[in-house]
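**Student:** One structure, as structure tokens, below. Some questions next.
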Amino acid sequence: MDINYLMFAAAVIMGATAVAVGVAKKLELGAIVALLVVGMALGPHSPMPLLTGHVEEMQAIGEIGVALLVFAVGLELQPTQVWSMRRLVFGLGVAQYVLTTAAIVAFLGLSIGIAHVHWQSALVVSLGLAMSSAAIPFPILQSRGETVAPQGRAVVAIDIFQGFMVVPVLALIPILATGSAQGGFSVDLRKTLEVLAAVAGVYVLGRYLLPRALTLTAQSLGPSGFAVTVLAAVFFAGWWMESVGISMALGAFMIGILLSTSIYADQVKAAVSPAKQLLLAIFFIAIGMAIDLRQLLDFRGDLLLYLPALLLIKFVVLFFLARAFGLGLRPALLTGFLMAPFDEIAYVIMASANANGLINARQYAVGLSVISLSFVVSPLLINLGYKLSDRLKHARPATVQQQPVVVTEATVVVAGYGYIGRTICTMLEQLRIPYTAFELDPDWIAMAQKWKHNVRYGDVGDPDLLRSIAVGRARLVIATNGANDTTERMIDHLRQFYPRVPIVTAVPYLADRERLRKAVGKNEVFALAPEGALSFARHILDLLGVAPIQSDAIIGSLKANDYARLQTIRASEPDAAEAAQSPPVRPAPITTSKS
């Protein structure tokens, strides 16, 4: 394939993807369905194929996107969040995963025949299919404002626990494969030691080496260099795991969870987000291209058996467990529908099982077909679930009290940790108002750690960062880093995409305030220097013995009409606007000589 045709194919795929995603959103089907349809429509198995080759290469590249998705899952696993939801995470999450896995193992044994299936193969497949997708339920919960509802808390708790299970499941596959090949329970001690050594090496990389590398990157390159540093670490960890026969997703997940408590976590998430979305899109399109509709017809007997049966197993287990953990009838029903679709990581688990000889080519093809079709039917089932549950809105809720969930609706976002930012953070600490501050200077972040202020490394002018921290739910955004390009980008983005979020901006001078207002509109922009100068002037008048009434009149006249007289004074200076933005010139030191 020459470069011209490759560019043409890329243009057609991108255009078709944009149209398909738009149609899928209107039909409430989700972007994954659109990507799969684009792949099936343009792949080698379609009536008019656009690409007849390179599908395996596309899928291999797309698997990096899955690794980055697993990395992002690790970044989300904050220890404080897990602890606040420990009853649901380690109660409902554990029970759901164990019982669903056991039920699927039993179903596979009965449907295939106990004599014709190795227990290792059935276990690995069941561990993968027992996991539920977060890509489908989370956007639905957010659009309906139900992330803190009982069904939202249950979905988050189950997803958190399943995120933890990625590590042992992926590490277990090559070990079980060795035992399956030998026809017994024994495992290869050397392979086990290799896996443990690789896990330990990735731990050292993510726990000690990568944070130091990010600190050096922040000092020398700023946030623009984060993507390169993080991707290099994720790719290296993935290669290391692949070298011992484990999926690269394991290394990516470990790097993510080790960085989850770092001050750089939010900026890392923002830096990796564009690459993750692009590569995930390639992955799902490649999966769609790999689906042969004629093969699906050949598999129709298997698909008609396995797909509805597996979805029903997951729904039934989730529904009854949700009821057992105190959820009402409607939340339990919605939890069952929301967590029925299979997880994207099941693709990786099935591929690893196939590569290690635990399942054959046909079983692998049927498994991929079942997982892919679940993404198509699950949004429809979830919509049906909401319609059915609407009739149960007035049902009496259960009386069992649920554990509180950490939410961000009351959080104040502070942009900048300079003198003004430190003052604001200190005030919020005393009032016990939840906040998160973002700063790019590593020295100031080190200072914040000494003061025990909640300051993270991040560029507030980066739209990906603002989206990753869910800034749309912030109580207030305070920009304390002056009038600069970063502040303007942040305010412009907030005004365009999050108009309901209140913004307050502090700038040094009136000229800065006017420039910022002209650039981004009239927001809550305050100039700090005039008030400081007037406070100093009032003290001088008191020292000079001026009567308080006269002092009030003078200060009031300077404040009148939005500091009109002070703006006249500033405007009369040469290059006032430039002087306002330039750093002050440090005077030469005064020297004295001894006589």
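Since every read-out is calculated from the coordinates, none of them should be taken as a lab result. Source: prediction; values computed, not measured. Cβ sites come from the backbone with ideal geometry, for glycine too, and all protein chains shown count toward neighbours.
**Student:** For the stretch 30-45 and the stretch 438-482, what is the separation of their Cα centres, given in Å?
**Tutor:** So the separation of the two Cα centres works out to 39 Å.
**Student:** Then there's this: Debye sum, Cα scatterers, the stretch 412-573, no solvent: what log₁₀ I/I(0) at q = 0.13 1/Å?
**Tutor:** Taken in order of the listed q values, log10 I(q)/I(0) reads -0.71.
**Student:** At R538 and K518, where each label point lies 7 Å from the Cα along Cα→Cβ, what is the point-to-point distance in nanometres?
**Tutor:** Rounded to a tenth, the inter-label distance reads 3.1 nm.
**Student:** Work out the FRET efficiency for L297 and R391 from their Cβ-Cβ distance, taking R0 = 60 Å, and round it to the nearest 0.05.
**Tutor:** Values: r = 37 Å, r/R0 = 0.62.
Once the sixth-power term is evaluated, E becomes 0.95.
**Student:** Sticking with this structure for a sec: Using Cβ counts within 10 Å as a stand-in for footprinting exposure, how do M339, M165 rank, fewest first?
**Tutor:** Working: M339 30, M165 17.
If I rank by nearby Cβ atoms, fewest first, I get M165, M339.
**Student:** Could I ask something else about it? What FRET efficiency would be calculated for the residue pair R144, I433, taking the C-beta separation as r and a Förster radius of 30 Å, to the nearest 0.05?
**Tutor:** Values: r = 28 Å, r/R0 = 0.93.
So the FRET efficiency works out to roughly 0.60.
**Student:** Something else now. List, in order, the whole-Hz ³J(HN,Hα) value for each residue of the stretch 351-357 obtained from phi through the Karplus relation with A = 6.51, B = -1.76, C = 1.60 and θ = phi - 60°; use x for Gly and Pro.
**Tutor:** The phi angles translate into 5, 5, 5, 5, 5, 8, x Hz.
**Student:** Label points 7 Å out from Cα along the Cβ direction at I554 and R207: separation in nm?
**Tutor:** The two pseudo-label positions are separated by 6.5 nm.
**Student:** Same structure again: Based on the mean of other Cβ atoms within 10 Å per residue, sort peptides 124-135, 380-391 so the most packed one is first. Walk me through the numbers before you get to the answer.
**Tutor:** On the way: 124-135: 24.2, 380-391: 14.5.
Packing order, densest peptide first, comes out as 124-135, 380-391.
**Student:** So what's the convex hull volume per residue for the Cα atoms of the stretch 215-265, in Å³? List each step's numbers first, then the result.
**Tutor:** Working: hull volume 3.3 nm³, N = 51.
Output value, Cα hull per residue: 65 Å³.
**Student:** With each label point set 7 Å from Cα along the Cα-Cβ vector, what nm distance links K25 and L305?
**Tutor:** Placing both labels 7 Å along Cα→Cβ, they lie 4.1 nm apart.
**Student:** If you count, for each residue, the other Cβ atoms within 10 Å and average over each peptide, how do 505-511, 367-373 line up from highest to lowest? Spell out each step's value before the answer.
**Tutor:** Working: 505-511: 22.7, 367-373: 21.1.
Ranking the peptides 505-511, 367-373 by packing returns 505-511, 367-373.
**Student:** Quick check of the Kirkwood formula: for the stretch 3-390, what is the inverse mean of 1/r over all pairs of different Cα atoms, in Å?
**Tutor:** Kirkwood radius, the stretch 3-390: 21.6 Å.
**Student:** Of E63, E344, how do they rank once you tally other Cβ atoms within 10 Å and put the fewest first?
**Tutor:** Values: E63 22, E344 25.
By the 10 Å Cβ count, ascending: E63, E344.
**Student:** The stretch 257-280 to the stretch 315-354: how many Å between their Cα centroids?
**Tutor:** What the calculation gives is 26 Å, centre to centre.
**Student:** Within 12 Å, Cβ to Cβ, of A171, how many net charges do the neighbouring residues add up to if Lys/Arg are +1 and Asp/Glu are -1? List each step's numbers first, then the result.
**Tutor:** Numbers: positive: K191; negative: E194.
Value of the local net charge: 0.
**Student:** When the Debye formula is applied to the Cα atoms of the stretch 278-370, each taken as the same point scatterer, what base-10 log of I(q)/I(0) results at q = 0.10, 0.11, 0.12, 0.22 Å⁻¹?
**Tutor:** Scattering profile of the stretch 278-370, log10 relative to I(0): -0.36, -0.43, -0.51, -1.10.
**Student:** Along the charge dipole of the stretch 3-390, Cβ charges K/R +1 and D/E -1, which of V268, P174, A34 sits furthest on the positive end?
**Tutor:** Towards the positive end, the residue furthest out is V268.
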